[in-house]
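One structure below.
Since every read-out is calculated from the coordinates, none of them should be taken as a lab result. The model shown is predicted, which means the values in this text are computed figures rather than measured ones. Neighbour counts run over all protein chains shown; Cβ positions are idealised from the backbone, glycine included.
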Amino acid sequence: MKKAYPRYLPWIIFAEDRDLGELCFTVQNRPGELAKALQIIAKYGVNIVSTIGYSHPTWNQATITLAVDVTDIDDNLLKQMLKELEANTVGKVLFKKNVIKGFLVSELAFPIYLDLHTRVLLFSLEEVGSMLKALYDKYGDVTASILYNLGYGGGVFIAKIMVDKLKTIGKEKLLIELLKILQAAGWALVEVEEMNLTRPSISLKLYENFECKALKYRYKPSSNLVRGYLSGLFSTVLDQSIRFRETRCIAVGDKYCRLVSE
């Protein structure tokens, strides 16, 4: 499994006995502007515990959202910092201090976007696991078919968008890139074992597959949503029916899930 660093997108923070705050502001999209704003915050002794920012290369401005630790920071000093920050950034600076000591929920940033226009939703692995378990408890093994078709539709959707945007890219190269979406979205780390598009014959290793990790209690192969997603993705890019089956699964104790094309 390749090396990857975790990426944190904290929208809930627990930090016992700390005073926390959320800080949102906008800077010009040019080198040094964000650094200047962060230097102002550092000057007042405010510790940054989370930084999220984005600006498309064609935009003039970038929106920055910070979670900050303001424990032991005097209120007057904090007001002074916010005033100076607003004087050196674009537009109004938003700040919200936590209501419950040691606990902060993001409330100044909404909605959440993946890129210019794609809105995304955030769920914890445990939340998704509880949802999946509720489905299996209610509908039994028919849930596998429901999840497969749910995933298939998602794979078709993203593949159509990417095929349209990247028309000049060869199919194998495009598929290799699209498999990285699963890692970027936190679903799984994907390793290609075989990619023969002539037959076609495809074999994929999935490490840390979120679906099977959440369903370990079942002790049976459980990659149905992800399997459907990949089937829809490959079928759309290759313009032929591709269906993956699972031959190894972390839900039964294997080190990884293996999906092979049929």
Handout entry: Charge dipole (debye, nearest 20) of region 125-261; +1 at Cβ of Lys and Arg, -1 at Cβ of Asp and Glu
Key = 160 debye
Exercise for the section: Treat the count of other C-beta atoms within 10 Å as a stand-in for reagent exposure and order HIS56, HIS117 from fewest to most. Expected result: HIS117, HIS56
Fill in the blank from the handout: The answer for trypsin sites (Lys or Arg not before Pro) in region 134-216 that fall in a DSSP coil and have at most 12 neighbouring Cβ atoms within 10 Å is LYS167
Exercise for the section: Can you find, among ASN209, ILE158, LEU233, the residue farthest towards the positive end of the dipole of region 125-261? Put +1 on the C-beta of Lys and Arg, -1 on that of Asp and Glu. Expected result: LEU233
Exercise for the section: Report the local net charge at LEU150: Lys and Arg +1, Asp and Glu -1, summed over other residues whose C-beta lies under 12 Å from its C-beta. Expected result: 0
Handout entry: Alpha-carbon Rg/Rh ratio, for region 102-170, with Rh computed the Kirkwood way
Key = 1.11
Practice task
Just add up the charged neighbours of TYR139: K/R +1, D/E -1, any other residue whose Cβ is under 14 Å from the Cβ of TYR139.
Solution key: +1
Problem - Per-residue Cβ neighbour rank within 10 angstrom, fewest leading, TYR54, TYR136 - result: TYR54, TYR136
Practice task
Could you tell me which helices of the chain pass both thresholds, a Cα extent of 24 Å or more along their own axis and a mean Kyte-Doolittle hydropathy of at least 0.5, with helices taken as whole DSSP H runs?
Solution key: 142-165
Problem - Inverse mean reciprocal Cα-Cα distance (Kirkwood Rh) of region 125-261, Å - result: 15.0 Å
Exercise for the section: Quick one: order TYR229, TYR139 by neighbouring beta-carbon count within 10 Å, fewest to most. Expected result: TYR139, TYR229
Completion exercise
Comparing LEU178, LEU77, LEU125 in a Gaussian network model of the chain (Cα, 10 Å), the one with the largest mean-square fluctuation is LEU77
Practice task
Taking the Cα centre of the chain as origin, work out the dipole magnitude from +1 charges on Lys and Arg Cβ and -1 charges on Asp and Glu Cβ, in debye rounded to 20.
Solution key: 740 debye
Handout entry: Equivalent ellipsoid dimensions for region 12-105 as semi-axes, Å, which come from the Cα gyration tensor, largest first
Key = 24, 15, 10
Exercise for the section: Please report the orientation-averaged projected area of the chain, defined via the convex hull of its C-alpha atoms, in nm². Expected result: 17.0 nm²
